[in-house]
Structure formats: structure tokens, C-alpha cells
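Just below is one structure, and these are the notes that go with it.
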Amino acid sequence: MSSEGSKPPERRMRRDEPRRMRPSSVSQDSQRGSPSKEEQQGSWEHVARWYDSLAAHRGTDFHQAVIIPGVLRLLEIKRGERVLDMACGQGVVSRALAKAGAEVTGVDLSPSLVRAARERSGKAARYLVGDARDLRQVLPEAGVFDTAVCALAVENIDPVEPVFAECSRLLRTGGRLVVVTVHPAFRIPRQSNWGWDESQQQMFRAVNLYLSLMRIPIELHPFRPTERRQVTWTYHRPIQAYIGGLARAGLWVNALEEWPSHRESQPGPRAKAENRARQEFPLFLVLRAVKVG
């Protein structure tokens with residue numbers, strides 16, 4: 001029997017994805033109005049304790065098995081290089097970069113997550129509270145970093161173009177940026193799910209929308225009374241939005257990778273199909289770009 005017993009395939013496979021808060025019962029908001037800086041900071045402050053409980057010091061198993069090894073490989077860090085970790089959260093990736101020999105600066109909009117990063121990293125990295133869309137107050141000097149990374153954050157920031165512009169401003173010419181995001185072609189809250197084709201005896205991925213820009217509310221505790229619910233936002237964009245945004249910032253993509261999940265189902269009648277589906281439908285989209293001028 002598969003690891004999830006008789007539960008439907010969608011529920012079994014959903015556990016394979018990075019844990020995120022449940023999409024709100026409110027339908028997705030396709031309007032492009034963005035929360036203010038205060039609203040966005042407050043939203044992540046409300047969920048900072050929950051988010052920190054997921055990753056803590058070493059991060060999730062996705063960080064350890066997929067994200068951190070892949071980021072280190074693509075960044076090709078040399079000892080002593082200055083690395084910027086955009087939207088660093090509690091510093092999971094920052095600490096891995098520092099262990100690889102980099103001089104790391106992490107920035108995040110949540111004071112609680114920055115405080116957690118400082119407590120766990122000691123002198124291995126420095127951390128600043130700042131909005132990744134405009135870091136001029138905390139990092140005024142341009143061209144001071146050799147490399148930058150933004151891991152599992154761009155899908156939670158809107159608009160995203162200023163983030164790329166700040167990366168470009170802060171990188172030296174020839175500097176490298178690696179962006180990791182949940183794959184926007186296959187993992188869209190409320191608009192994608194797993195299904196089971198009985199006739200073919202295989203899993204499939206159903207996607208309802210892709211090219212549309214969407215702002216989707218995510219609730220930490222959807223079954224609490226309305227006044228006690230905590231909401232943050234995820235922003236769906238097609239791949240072209242990311243590549244175009246990077247190019248307009250003077251960051252030219254020279255590598256695109258799609259990383260599948262590392263997990264495997266326990267033995268059972270559908271385990272083979274589930275494992276094959278994991279390898280065919282990537283979990284993460286990864287872009288490496290170089291500052292050209």
C-alpha cells in the first residue's frame with residue numbers, strides 16, 4: 001500500500017510539495033494592486049513563527065536535498081566572494097553560503113525572521129531588515145556583491161521587477177544571480193492538482209490557468225473565525241514574466257533548470273506511478289542570470 005493508504009492521489013502527492021499555507025476560501029484575485037510595504041511586512045510578521053517552525057536552522061528536507069546543493073552548484077562560489085541573499089528569511093541558505101566560504105549579507109522584510117537568522121548564524125553572516133524591492137537605505141552602495149540568490153521568495157513579492165533591479169544595482173558587472181521558485185507551470189495554488197488516469201494507470205498534472213497573472217490569498221489557519229485568520233499572498237506569473245523582468249534589469253539568463261522532488265513513495269500499487277510523476281513534473285524552476293552592464 002502507498003504511504004498514504006487509500007487517500008486520493010491528489011492528497012498523497014500534495015505532501016510531496018514544499019509546505020505552504022492553505023489557499024484561502026476566497027477566490028484568487030487577478031487584480032494587480034499590491035499590498036503596501038506595511039501590509040506585506042505585517043502579513044509575514046503574523047506568520048513568521050509558523051514559517052520559522054518549518055525551516056528552523058537547517059531548513060526543510062527540500063532545502064537540504066535539492067535547493068542548497070543546486071544553488072551552490074549554480075553560483076560557483078569562490079572563497080571570499082561577497083554574496084547577497086535576497087529575502088533570506090531565517091537564514092537557512094545564508095548559512096550554507098557562509099559555510100561554503102562566502103561573505104554573506106542577508107536581507108528580509110520580516111524583523112522576526114531577521115532576528116532568528118542573527119541568533120542562529122552568529123558571526124557567519126550579517127543580516128539587515130529591508131524591502132528587497134528597494135534596499136537603498138540599508139545598502140546604498142552599488143556594485144558591491146559578486147553573486148546573489150533569491151530562493152523561494154519571488155512568488156511572494158509583488159511587483160517582482162524592482163527586486164531584479166535591486167539585484168542588478170548591487171551586483172558588479174559579470175556578477176551572478178540565482179533565482180529559485182516553485183515551478184509556475186505546474187504548481188499554482190487553486191489552479192493545479194494531481195489526478196489519476198485509471199485507464200493508463202498513471203498520475204497526471206491538471207493545470208487550469210497559466211498565462212494569467214494572479215494574486216492568491218493564503219491562509220495559515222483557514223478554519224479559525226474570520227477575525228483571527230492570518231493571510232499572506234502568493235503571486236503567480238508565467239515563466240516569461242521572470243525572464244523578461246530579469247532582462248529588463250540587465251540580467252541575462254544563461255541557465256534554466258527544472259528540479260524535481262527528491263522524495264519517493266513507500267511501496268504500494270501506485271508507488272511506481274507516483275515516483276515517475278515526481279520526476280516528470282518538476283517542483284522548482286531555477287534561473288541563473290549574469291549582469292551584463
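Residues V83, V93: which one is of a type in the set (A, V, I, L, M, F, W, C) and in contact with a Leu (Cβ under 6 Å, 6 or more places away or on another chain)? Break it down stepwise before answering.
On the way: V93 fails: in contact with a Leu (Cβ under 6 Å, 6 or more places away or on another chain).
Among V83, V93, only V83 is of a type in the set (A, V, I, L, M, F, W, C) and in contact with a Leu (Cβ under 6 Å, 6 or more places away or on another chain).
Return yes or no: is G245 at positive phi and either at pLDDT 95 or above or not hydroxyl-bearing (S, T, Y) (or both)?
Details: at positive phi: no; either at pLDDT 95 or above or not hydroxyl-bearing (S, T, Y) (or both): yes.
Considered against the rule, which asks whether it is at positive phi and either at pLDDT 95 or above or not hydroxyl-bearing (S, T, Y) (or both), G245 comes out as no.
If the Cβ limit is 7 Å and pairs must be 6+ apart or interchain, which residue in region 149-166 that is surrounded by fewer than 24 Cβ atoms within 10 Å (Cβ to Cβ) pairs with which residue that is assigned to a helix (DSSP H, G or I) and among the small types (G, A, S)? Note: pairs meeting the criteria are V160/G245; E161/G245. One residue is enough: does region 117-124 have a residue meeting the conditions of a type outside the set (D, E, K, R), at negative phi and in contact (Cβ under 8 Å) with a residue 40 or more places away in the chain? No, because not a single residue in region 117-124 is of a type outside the set (D, E, K, R), at negative phi and in contact (Cβ under 8 Å) with a residue 40 or more places away in the chain.
Of all residues in region 263-293, those satisfying the criterion of being among the hydrophobic types (A, V, I, L, M, F, W, C) and part of a strand (DSSP E or B) are F284, L285, V286, L287, A289, V290. Evaluated against (1) polar (S, T, N, Q); (2) at pLDDT below 55; (3) surrounded by fewer than 16 Cβ atoms within 10 Å (Cβ to Cβ), S43 falls short on exactly one condition, (3).
Can you tell me which condition G143 does not meet? The list is (1) more than 21 Å from T181 (Cα to Cα); (2) surrounded by 20 or more Cβ atoms within 10 Å (Cβ to Cβ), and all the others hold. The failed condition is (2).
Right, R95: surrounded by fewer than 22 Cβ atoms within 10 Å (Cβ to Cβ) and of a type outside the set (F, W, Y) or not? Spell out how you get there, then give the answer.
Values: surrounded by fewer than 22 Cβ atoms within 10 Å (Cβ to Cβ): no; of a type outside the set (F, W, Y): yes.
When the stated conditions are applied, R95 does not pass them.
Number of residues in region 151-180 that are assigned to a helix (DSSP H, G or I) and of a type in the set (D, E, K, R): the value is 4. Counting only residues that are over 25 Å from E76 (Cα atoms) and assigned to a helix (DSSP H, G or I), region 119-150 holds 1 of them.
Specify the residue that is nearest to D61 (Cα to Cα); the eligible residues are those in region 248-261 that are of a type outside the set (V, I, T) and either surrounded by 15 or more Cβ atoms within 10 Å (Cβ to Cβ) or modelled with pLDDT under 95 (or both).
So the first thing to find is which residues in region 248-261 are of a type outside the set (V, I, T), and the list is 248-252, 254-261.
From what is left, the residues that are either surrounded by 15 or more Cβ atoms within 10 Å (Cβ to Cβ) or modelled with pLDDT under 95 (or both) are 249-251, 257, 259-261.
Values: A249: 33, G250: 34, L251: 30, E257: 19, W259: 14, P260: 13, S261: 10 Å.
Applying the filter and picking the extreme gives S261.
Put simply, of V107, V182, V154, V93 the only residue that is of a type in the set (V, I, T), modelled with pLDDT of 95 or more and more than 18 Å from H63 (Cβ to Cβ) is V107. Among the candidates E155, E166, E161, the residue that is in contact with a Pro (Cβ under 9 Å, 6 or more places away or on another chain) and closer than 21 Å to A247 by Cβ is uniquely E155. When region 167-206 is filtered for residues that are over 30 Å from E76 (Cα atoms), loosely packed, with under 15 Cβ neighbours inside 10 Å and out of contact with any helix residue (DSSP H, G or I) (no Cβ under 8 Å at 6 or more places or on another chain), the ones remaining, listed by number, are D197, E198, S199, Q200, A206.
The values are calculated or read from the model by the stated rules, or taken from the named source; none is laboratory data. None of these values were measured; they are calculated from a predicted model. Note: ideal-geometry Cβ built from the backbone for every residue, glycine included; neighbour counts use all protein chains shown.
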